[in-house]
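The values are calculated or read from the model by the stated rules, or taken from the named source; none is laboratory data. Not measured: the values here are computed from a predicted model. Because the Cβ atoms are built from the backbone with ideal geometry, glycine has one as well, and the counts that use them run over all protein chains shown. These accessible areas exclude ligands, DNA and RNA; they are computed on the full protein's heavy atoms, side chains included. Shrake-Rupley method; radii C 1.70, N 1.55, O 1.52, S 1.80 Å.
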Amino acid sequence: MLLEFRVQNFRALRDEQVLSLMASPADKLLADTHLQATGLAPKGLTHAVRSAVIYGANASGKSTLLHALNYMRMVVGESATVIQPGQTYNVQSFRLDAEREKEPISFELTFMLGGVRHEYAFAMRPERILRESLRVYTSNKPTELFSREFHGESKMDRYEFSTRLKGQKTLWQESTRPNALFLSTAAQLNSEMLLPVFAWITQKISMIPAAAIVDSQLTMSLLSTEAGRAQVQRFLCHADIAINEVKTVSRKGARQQVVLGAGGQIHTNRIEGDIVSPQFVHKTDAGSATFELYEESDGTQHLFGLIGPLMQVLREGEVLLVDELDNSLHALLVRQLVDLFHSSVNTSGAQLIFTTHDTALLDNSIFRRDQIWFTEKDASQAARLYSLSDFSPRNNEAFERNYLKGRYGGVPFLGASLLEGK
């Protein structure tokens, strides 16, 4: 599970920002349902939260935080394969400060893998990787399995390796290009110790951007079995959408698969052959009709696309990032989606991190204080991330009312009239 994410100098996130999913030891609210045991002994590290919600005004940086985590994942996944020698990354530092614009962009992930805490970090510029390290905690003291740092005077990377890192370290080092990560390169060359770390970062984290047309292939795969079809059907019917049956039809055709890579390029794959599409049967007392997916409402299309990723994340214990989870969905339905991660269905420690403007979710029956986060920008347009816990609110406080009154920040500053510009 994900424990912490740090990022600095990525777009509006000028200063280091920390999203912690570690549960506050002093907060006992909803502990039985909203927390997952980490297996770690130190105080403050024993439990992680199963979800986190981020609020903030438009353009306050909340989406940027999710994009930063997803960008880190993409660099790890593509630096040794998709990114070509000499190619630069499509990445932006904080552009409203000439000095900061020259500084590295840095990322760090802390996560649990195989019962062991891992800390993986790297810093980069568009043209190359500047620093990289991996620490593991098999005891209270960390072991740095490897570190790498670029020295400008010699124009070379200097590596240090722990004796605990087994394998062909010299080969991995010599094979790592300036614009590639050592972790990614070693994983491609079948490092038994580093491949699981690479796999966790690239396969256990996924993101659904705001207003994105969610690829429904994962949901479609559920429809290939009777049990999966029943699950999708129950999900849609429970959402109070007037759908009585979901079925599939196979047609000859082609579809485009679009993938955005870490280098900024868009990969398009054309898939031809038998295309299986969903159909939805609506019934009333006056009759029935069958509709294609594109004929359904935006909300139904969005929800249908979400079912597959949600079920996979819950089944595999993954981390799902969703920008604007409430897009085209009713507030009560959003609450039910969030509740899935706090229910007995979540047996694998899956986590949901999402942004929203739906203030109805600011309720102590839905979230603990350490699950609620805010973003806002200062006078220099740098974004800041902070937790509701920083305000030490009482559990019985009216979180929604206080937020809308501006007591926690993270709200837009509006004049008397938007039209008059005052």
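For segment 122-138, what does the Karplus curve 6.51 cos²θ - 1.76 cosθ + 1.60, with θ = phi - 60°, yield as ³J(HN,Hα) per residue in whole Hz, taken in order and with x for Gly and Pro?
The phi angles translate into 8, 10, 8, 10, x, 8, 6, 8, 9, 9, 7, 7, 9, 10, 10, 10, 7 Hz.
Separation between the Asn402 and Glu192 pseudo-spin-labels, each 7 Å from Cα along Cα→Cβ, expressed in nm?
The two pseudo-label positions are separated by 5.3 nm.
When the helix-only estimate is applied to the chain (DSSP H runs of n ≥ 4, each -39,500 (n - 2.57), divided by the residue count), what is the mean residue ellipticity at 222 nm, nearest 500 deg cm²/dmol?
Working: 11 runs with 103 residues, N = 422.
For the chain, the value works out to -7000 deg cm²/dmol.
With the cut-off at 26 Å, tell me which of the pairs Lys166/Lys204; Lys204/Lys377; Lys141/Lys166 have Cα atoms farther apart than that. Show your work: numbers first, answer last.
Details: Lys166/Lys204 24 Å; Lys204/Lys377 30 Å; Lys141/Lys166 20 Å.
Checking Cα-Cα distances, Lys204/Lys377 exceed 26 Å.
Starting at the first residue of segment 109-119, write each ³J(HN,Hα) from the Karplus equation 6.51 cos²θ - 1.76 cosθ + 1.60 with θ = phi - 60°, in whole Hz, x for Gly and Pro.
Per residue, the Karplus-derived 3J(HN,Hα) values read 10, 10, 8, 9, 9, x, x, 10, 6, 10, 10 Hz.
Per residue and in cubic angstrom, what volume does the convex hull of the Cα atoms of segment 23-157 have? Write out the running numbers ahead of the final one.
Details: hull volume 23.8 nm³, N = 135.
Per-residue hull volume (Cα only) is 176 Å³.
Could you pull out every residue, at least 5 positions away or on a different chain, whose amide H is within less than 5 Å of the one on Phe146? Hs are placed 1.01 Å off N in the peptide plane, and Pro or chain starts have none.
The list, which skips near neighbours in sequence, is Leu134, Ser162.
At what distance in angstrom do the alpha carbon centres of segment 283-352 and segment 45-114 lie from each other?
Cα centroid to Cα centroid, the span is 26 Å.
Starting from the residue with the highest accessible area, list Ser184, Ser328, Ser147 in decreasing order, probe 1.4 Å.
On the way: Ser184 0, Ser328 65, Ser147 25 Å².
Largest accessible area first, the list is Ser328, Ser147, Ser184.
So for the pair Thr290, Ala199, with labels modelled 7 Å out along Cα→Cβ, what separation do we get in nm?
Distance between label points: 4.1 nm.
Of Ser63, Ile366, Ala123, which is farthest towards the positive pole of the chain's charge dipole, taken about the Cα centre with +1 and -1 on the beta-carbons of Lys, Arg and Asp, Glu respectively?
Projecting each Cα onto the dipole axis, the largest value belongs to Ala123.
If I compute mean projected area of the Cα convex hull in nm² from the structure I just sent, which labelled value in (i) 22.3; (ii) 21.3; (iii) 25.2 lines up?
Given (i) 22.3; (ii) 21.3; (iii) 25.2, the structure-derived one carries the label (iii).
Whole-Hz Karplus ³J(HN,Hα) for segment 81-91, in order, using 6.51 cos²θ - 1.76 cosθ + 1.60 and θ = phi - 60°, x for Gly and Pro?
10, 6, 5, 8, x, x, 6, 9, 8, 8, 9
Gap in Å between the Cα centre of segment 185-211 and the Cα centre of segment 135-158?
19 Å
Place a +1 charge on the Cβ of each Lys and Arg in the chain and a -1 charge on the Cβ of each Asp and Glu, then give the dipole magnitude about the Cα centre in debye, rounded to the nearest 20.
Working: 44 positive and 47 negative charges, 161 e Å.
The calculation lands at about 780 debye.
Computing the accessible area with a 1.4 Å probe over protein heavy atoms, can you report the carbon and sulfur percentage for segment 313-408?
Details: 1770 of 3920 Å².
After summing per-atom areas, the C and S share lands at 45 percent.
By Kyte-Doolittle mean hydropathy of at least -0.5 and Cα axial length of at least 20 Å, which whole DSSP H helices of the chain are selected? Write out the running numbers ahead of the final one.
On the way: long enough: 62-78 (25 Å, 0.21); 298-316 (28 Å, 0.18).
Qualifying helices, which must be both long enough and hydrophobic enough, are 62-78, 298-316.
Let me cross-check Lys283: its accessible surface, 1.4 Å probe, with only protein heavy atoms counted, in Å² to the nearest 10?
Ignoring ligands and nucleic acids, Lys283 comes out at about 120 Å².
With every protein chain present, what is the per residue accessible area of the chain (1.4 Å probe, Å²)? All intermediate terms of the calculation are to be shown ahead of the outcome.
Numbers: 20220 Å² over 422 residues.
Per residue, the chain has 48 Å² of solvent-accessible surface.
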